[in-house]
Amino acid sequence: GEHRCSAPERTSLPFPPSPRPAGRIPLSAVKAVRHFAMMFMGRHIDSWVVLRGLLVFMQAMLMLLVEAGAPSFLVTVPALLNGLLMIAIGCNFYKGRAMGNCSRTLIIVSLITISACGFAMWRTGTLDKVANHPLINPLASYSTPNNTNDAAQLPLQLMFDTRYPKFERLKEESQKKKFFPFIKSEVKSTALILQADNRNGSFIELSKKINKMYAERQDLYQYEFIGNHTTFLTMPPFWAKIWIVREACKRYPNVDFIVWLDTDAAVADHSLRFEHLSPFTDEEVVFIAGADTPLFHDPKDDWMNAGVFVVRNSEKGHDLIDEWMTHYNPDLWRRTGKDEQLTMVRTSGLDANSSSWGSVTRGEWACKCHWDDENFAQGSLNKMARNGWGHHIAIVPWYVFTERLDYAPSCMFVCHIASGSTHTRQVRLQNMLSGQASFT
């Protein structure tokens, strides 16, 4: 007769089941969507957590809208909603639980309003303004003038960052293009690229290598690095460099310009030359420094950073350096000894009238002063620029000399990694050398 096999009993298999047929939605995806929906409706977590996230987003959105000069209705609506979110969060915090339907309704209204504002921003062109704002993309507004010779005709007082149109003192014509403070010229001058540091560090070696390479690529340029100078033993390094520059002026009498670079600075664009900075077309200008980075000072303050500067090796340039040196007051500075257990702060940030030295690393210099006042080299330079030397000192925009690589993928001319950590300086300079933030 016919032989039939009985079906085996179902047992758990020691291997995974066969693949899911194509075209079916994975069960995990369905669960994820359901979980998100329940979380949004406040069943897994309190709605006030979502409200707090929306509040942070709304505040950031308001800041960008105001900075970009958005139409009033685009600012007013999110501002009102921002107030409602704050009230809702306060009520949630007070009750210690979610507000139920009220909170969920406010979340839905917030999302709809954000979407509507985003659409309105796109239609009115405000979205492009936000995307190209310096807070989001610092180099978006950079464009070299069609005729760079025109830059020499701009008044010196306009030589600061024109990417901040909210500053009323900027003239209308300076807002139309970002200032490019270089002239086109075939005339070349001699210059000394000078660095000095008594410390050892990998980032210092990288800075030396890049700047020496730059000097070798330029006709009539020289490079010098001083490792151990006697002034490092008798005064803080902030002031020692002024003495080193003055000494270099005497040792190189035939050099037209002395260029000082801190060891956390490196020339990024090797196609540009320091003597072609447009302020030097005025023979009265003997000193050029860059405006300090917006990380520390508002660009409208025209506050100089003394980490990178160029001085004309002339009698007037020597007079400026000599007067700068007279501002050093050794009575306000002290260096910790090897046997001291307590240490002092090199840049304490204390008020100038304070009698406290503060506390810092052993062997470093400390001052009973603020790092921005006249007892620091940088502060005294800015005081000189405002008292008698204004016609002889020019300030170029911060993105020329004091650009930090974390603001942008590249720099206009010199990258000065001001107040960066040792690791940050190492990484930034290594990226420059390896071509990730390449120089021309």
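The values are calculated or read from the model by the stated rules, or taken from the named source; none is laboratory data. Bear in mind the structure is a predicted one, so any value in this text is a computation, not a measurement. Glycine also receives a Cβ, built like all others from the backbone with ideal geometry; neighbour counts cover every protein chain displayed.
Kindly check whether there is at least one residue in region 224-236 that is aliphatic (A, V, I, L, M), exposed (fewer than 15 other Cβ atoms within 10 Å of the Cβ) and in contact with a Lys or Arg (Cβ under 6 Å, 6 or more places away or on another chain).
No, that holds for no residue.
Being outside any strand (DSSP E or B) and not β-branched (Val, Ile, Thr) is the filter here, so list the residues in region 269-282 that pass it. Can you show your working first?
Taking region 269-282 as the starting set, the residues that turn out to be outside any strand (DSSP E or B) are 269-276, 278-282.
ASP269, HIS270, SER271, LEU272, ARG273, PHE274, GLU275, HIS276, SER278, PRO279, PHE280, ASP282, listed by residue number.
Return the residue satisfying two criteria in turn: it lies in region 190-225 and is in a loop (DSSP other than H, G, I, E, B) and within 19 Å of CYS415 (Cβ to Cβ), and of such residues it is modelled with the lowest pLDDT.
My answer is GLY201.
In this structure, is TRP260 modelled with pLDDT of 90 or more and hydrophobic (A, V, I, L, M, F, W, C)?
Details: modelled with pLDDT of 90 or more: yes; hydrophobic (A, V, I, L, M, F, W, C): yes.
The answer is yes for TRP260.
Pick out the one residue from ALA266, ALA240 that is farther than 28 Å from ASN431 by Cβ, in the same structural domain as VAL310 (by TED's automatic domain parsing) and not in a loop (DSSP other than H, G, I, E, B). Break it down into steps so the answer makes sense when it comes.
On the way: ALA266 fails: farther than 28 Å from ASN431 by Cβ.
Among ALA266, ALA240, only ALA240 is farther than 28 Å from ASN431 by Cβ, in the same structural domain as VAL310 (by TED's automatic domain parsing) and not in a loop (DSSP other than H, G, I, E, B).
Could you please tell me which pairs satisfy a Cβ distance under 6 Å, a separation of 6+ or placement on different chains, a first residue in region 414-433 that is free of Cβ contacts under 8 Å to residues at least 60 places away in the same chain and assigned to a helix (DSSP H, G or I), and a second residue that is surrounded by fewer than 16 Cβ atoms within 10 Å (Cβ to Cβ) and not aromatic (Phe, Trp, Tyr)?
Every condition considered, no pair remains.
Tell me whether region 347-363 contains one or more residues that are of a type in the set (Ser, Thr, Tyr) and at pLDDT 90 or above. Talk me through it step by step, then tell me what you get.
So the first thing to find is which residues in region 347-363 are of a type in the set (Ser, Thr, Tyr), and the list is 347-348, 354-356, 359, 361.
Imposing the further condition that a residue be at pLDDT 90 or above reduces the set to none.
No, that holds for no residue.
Which residues, taken from region 280-292, are buried (at least 22 other Cβ atoms within 10 Å of the Cβ) and not hydrophobic (A, V, I, L, M, F, W, C)?
GLY290, ASP292
List every residue pair whose Cβ atoms sit under 6 Å apart, with the two residues 6 or more apart in sequence or on different chains, where the first one lies in region 239-250 and is closer than 13 Å to VAL311 by Cβ and the second, anywhere, is at pLDDT below 95 and outside any helix (DSSP H, G or I).
ILE244/ALA196; ILE244/HIS229
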